[in-house]
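One structure is given below, encoded as structure tokens.
Since every read-out is calculated from the coordinates, none of them should be taken as a lab result. All values reported here derive from a predicted model rather than from experimental measurement. Backbone-built Cβ (ideal geometry, glycine too); neighbour counts: all protein chains shown.
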Amino acid sequence: MDLPKRGQVTRRIYFLSLQAIFNAIVIGFIAKGMLFLIDFVTNIAFYGRISSVPVSPTLEHVGAWVLVIPIIGALIVGLLARYGSPNSRGHGFPETIEKILVHKSRIAPKITILKPVSAAISIGTGGPFGAEGPIIATGGAFGSLVGQMMRITANERKIMLVAGSCAGVAAIFGSPVAGILMAIELLLFEYSPRSIIPVALSCTTAAAMHLLLFGKEPVFAMSFIPEPSSLALVVYVVMGFLLGIAGAYASKSVHAVEDLFAKHFKAIHWMWWPAFGAVAVGIIGYFAPRTMGVGYDNIRMLLS
């Protein structure tokens, strides 16, 4: 298959772009459904009611049961991973990169369902995780599924996968530029019109779905910020440097815990590992309930 020549937009780009736009519309509804499930599970687990009203985990109605709720959720997630698909495990983002590099952008179709369901159960029962990782994996899985159904090359299937992953981010946060930059920096491994155009259109469409399904209010509203002084700019640079180091060590600590389980818990099936981690989640949550759940309310509180 001929690649697009300089100064010429081929029919393949039009074809992929139209498909990416359609995928982004579907992924917008998937993102809405995943957040609906998170709120639904949270209401059941911590409030004992059938509702999808956005809420955060609290001790008010459950008391010491907060020590047990995350374990129950972790056991369910472990069962889903073992008997559904082991590929539903993990953060979402590293697994997406692995599928691109190692598996020719092929993701099992069942991940489109299992990933948001397992994420909703984990977060809804107190797991301190964001929705961005699961929606990246889910959007990528949907894009890969459609790509496997189409008569396209492995590289074009990669474009569909990346467009789906980044559309998930744009649909959750209403941030098309962030989705495009994420694709360029981390997922595409190339910078060309044939890949950037479908991804950009996918992210823009997903951002429009965010406005349609979630409203026009920003996810993290901020008050007016005055023009920063020279000193403030220096402080921002220092903060960015320190937070970059902290973020790197946070990422390393996650992988260190994963390696710890893989090395010292070999005798126990990995299906049970999330339950062991959930013990720590429950104990910490008992003393600091705000650490539980998706955590977006904490960000809004700090910004306000």
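In table form, for the structure just shown:
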{"quantity": "V169 being touching an Asp or Glu at 6+ places or on another chain (Cβ under 7 Å) and of a type in the set (A, V, I, L, M)", "calculated": "yes"}
{"quantity": "Residue match in the range 263-278 (condition: without any contact (Cβ under 8 Å) to a residue 24 or more places away in the chain, within 30 Å of Y83 (Cα to Cα) and under 20 Å from the mean Cα position of the chain (by Cα))", "calculated": "no"}
{"quantity": "Within the range 285-295, considering residues that are in contact (Cβ under 8 Å) with a residue 24 or more places away in the chain, farther than 20 Å from G78 by Cβ and not small (G, A, S), the one surrounded by the most Cβ atoms within 10 Å (Cβ to Cβ)", "calculated": "V294"}
{"quantity": "When residues of the range 267-284 are limited to those that are under 14 Å from G127 (Cβ atoms) and of a type in the set (G, A, S), the one surrounded by the most Cβ atoms within 10 Å (Cβ to Cβ)", "calculated": "A278"}
{"quantity": "Test: residue in the range 190-197 that is of a type in the set (A, V, I, L, M) and within 20 Å of F22 (Cα to Cα)", "calculated": "yes"}
{"quantity": "Members of the range 44-66 found to be surrounded by 12 or more Cβ atoms within 10 Å (Cβ to Cβ) and closer than 17 Å to A131 by Cα, listed by number", "calculated": "S52, P54, V55, S56, P57"}
{"quantity": "Subset tally (residues that are surrounded by 11 or more Cβ atoms within 10 Å (Cβ to Cβ) and among the charged types (D, E, K, R)) for the range 213-266", "calculated": "1"}
{"quantity": "Options S223, S202; residue that is under 30 Å from I13 (Cβ atoms) and among the hydroxyl-bearing types (S, T, Y)", "calculated": "S202"}
